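Engineer: Attaching a single structure in structure tokens format; questions to follow.
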Amino acid sequence: MIHFAIGTKAQFIKMAPIMYLLQEEGELYHLLDLSQHASLTGKILNDFGLTPIVTTLTKSKASVTTYLQAVTWLAKGLWQLTAHRRNLHKRLFNGQNGVALLHGDTMSTLVGLYLARAAGIKTALIEAGLSSGKLFDPFPEEWIRRHTGRMVDFLFPPDEISEAWLREKHFDHQIINTGYNTGRDSLNLIAVKHAIFSEKPRNDFSYGIATLHRLETLSSKRRLVRATRHMMNIAAQLGITRFYLHPPTEHALKKYRLMEAIQSSNVIELYPLKPYPDFVRSMMEAKFVLTDGGSIQEEASYLEKPCLILRNRTERNHGIGKNAMLATWDVKQDVTHLIKKISETREQSAGNRDMQASRTILKAIDEFRSRS
């Protein structure tokens, strides 16, 4: 059986097309919901029409939004490795062998890795080989991706650059290049299921969108203040900007007393997180994107939306030199770049609607299972 050991919103979205293909083929598959974003799981599965066999790591239906909650969640995951180690295979993986698919560089990636290995199940890392080139920047994401990559049985890099990096660093496991990231399959799948590309597009592009949610940003007052001020200064020149607040972001903004300034802005509009189909619509209608998130950087590249990445470096090359650039932190320079890109904007569907990346992963896993 194929197991999906995932726990964050981004992981669910990017793994959805693989689950969808299994479901289309009538094959049973199992989701070990690691519950890092537990309050969002059901909605995301419903958006994609997915019905996996589900096991949850915790009984809580609440997402992790604070550091205390993160420590508690992590402790519960590690407790499984000690208190229930002998029956992990039955307790968390329904007594089924196979391959556990992990994703990315989050704490859920790490917990899923340890649980699957302790249960004696083969593991594969989707979106492997992305690297900033700096072991501790961003931390812990860069370290988690490298550490997990060393431990798994299969590595699925999304492009030639990631594959070359894995081979150069001697990651001695089976490496299968998927050609592009499954995030593109996800965007296309949700757009088709919800008829987003067929809707009449707006042509006024009257707003931009912004998100801040990476641990490296939220854990540092200096970085969060810089990113927030830069966002506000750019919005002041480019107009209405919809700031989508992740719960941890809202918590950090209040902690560092930044929320009042944002709320008093006449160009920043605060929005809660939207369901994925609705957020894709918002991105398609936006005239620019400000983000510190890799997944949104990717999605902006698929839709060819002008994107400013509010970080010093990124592990992804999506859109760099085309629609996207890293922040220079000089407002005039960054605004000039965005205005130029806005003038070049045209509507773009994500392409590759055959979901070839997701099919490549399943083909490789099927070949392994046929040999076992």
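What follows draws every value from the coordinates through simple rules; no lab data is involved. In this text, all values refer to a predicted model and were calculated from it rather than measured experimentally. Don't worry about glycine lacking a Cβ; one is built from the backbone with ideal geometry, like all the others, and counts go over all protein chains shown.
Engineer: Taking θ = phi - 60°, what integer Hz values does the Karplus form 6.51 cos²θ - 1.76 cosθ + 1.60 yield along region 242-252, in sequence order, with x for Gly and Pro?
Structural biologist: Whole-Hz 3J(HN,Hα) from phi for region 242-252: 8, 9, 8, 9, 6, x, x, 5, 4, 4, 5.
Engineer: What FRET efficiency, computed as 1/(1 + (r/R0)^6) with R0 = 51 Å and r the Cβ-Cβ distance, is obtained for K363 and A261, rounded to the nearest 0.05?
Structural biologist: According to the calculation, E is roughly 0.50.
Engineer: Moving on to the next point. For L245, list long-range residues whose amide hydrogen, built 1.01 Å from N in the peptide plane, is under 5 Å from its own amide hydrogen.
Structural biologist: Amide H neighbours of L245: Y271, L273.
Engineer: State, as an integer percentage, the relative contact order of region 275-372 based on alpha-carbon contacts under 8 Å between residues 6 or more apart.
Structural biologist: Dividing the mean separation by the residue count of region 275-372 yields 24 percent.
Engineer: Further question: Just need the Rg to Rh number for region 155-274, please, alpha carbons only, Kirkwood Rh.
Structural biologist: Radius of gyration relative to Kirkwood radius: 1.10.
Engineer: With the Cα gyration tensor of region 208-343 giving a ≥ b ≥ c as the square roots of its eigenvalues, does the rule (a/c under 1.5 for rounded; else a/b larger than b/c for prolate; else oblate) give rounded, prolate or oblate?
Structural biologist: Working: a/c = 1.34, a/b = 1.28, b/c = 1.05.
Note, shape of region 208-343 comes out rounded.
Engineer: A further question on this structure: What value in Å³ per residue do you get for the convex hull of the alpha-carbon atoms in the chain?
Structural biologist: Measuring per residue, one finds 127 Å³ for the Cα hull of the chain.
Engineer: Using Cα pairs under 8 angstrom and six or more residues apart, how large is the relative contact order of the chain, in percent?
Structural biologist: Working: 655 pairs, mean separation 56.9, N = 372.
This gives 15 percent for the chain.
Engineer: Then there is this: Classify region 1-124 from the C-alpha gyration tensor, please: rounded if a/c falls under 1.5, else prolate or oblate depending on whether a/b exceeds b/c.
Structural biologist: Oblate is the answer for region 1-124, as a/c is 1.5 or above yet b/c matches or exceeds a/b.
Engineer: To the nearest 0.05, what FRET efficiency results for W143 and R222 with a Förster distance of 25 Å applied to their C-beta separation?
Structural biologist: Using R0 = 25 Å, I get an efficiency of 0.75.
Engineer: Another question, then. Calculate one ³J(HN,Hα) per residue across region 180-196 by plugging θ = phi - 60° into the Karplus curve 6.51 cos²θ - 1.76 cosθ + 1.60, and present them in order as whole Hz with x for glycine and proline.
Structural biologist: Once θ is set to phi - 60°, the couplings for region 180-196 become 7, 7, 5, x, 5, 4, 4, 4, 5, 4, 5, 5, 5, 5, 10, 6, 6 Hz.
Engineer: Then there's this: Return the long-range amide H neighbours of K122 (sequence gap of 5 or more, or a different chain), with a cut-off of under 5 Å between placed amide H atoms.
Structural biologist: Here G98, A100 satisfy the definition.
Engineer: Another one. Name the long-range amide H neighbours of L303: under 5 Å, sequence gap of 5 or more, or other chain; modelled H, no Pro or chain starts.
Structural biologist: The list, which skips near neighbours in sequence, is empty: none.
Engineer: Using the Karplus equation 6.51 cos²θ - 1.76 cosθ + 1.60 (θ = phi - 60°), what ³J(HN,Hα) coupling, rounded to whole Hz, does each residue of region 68-74 give in order, writing x for Gly and Pro?
Structural biologist: 5, 5, 5, 5, 5, 4, 5
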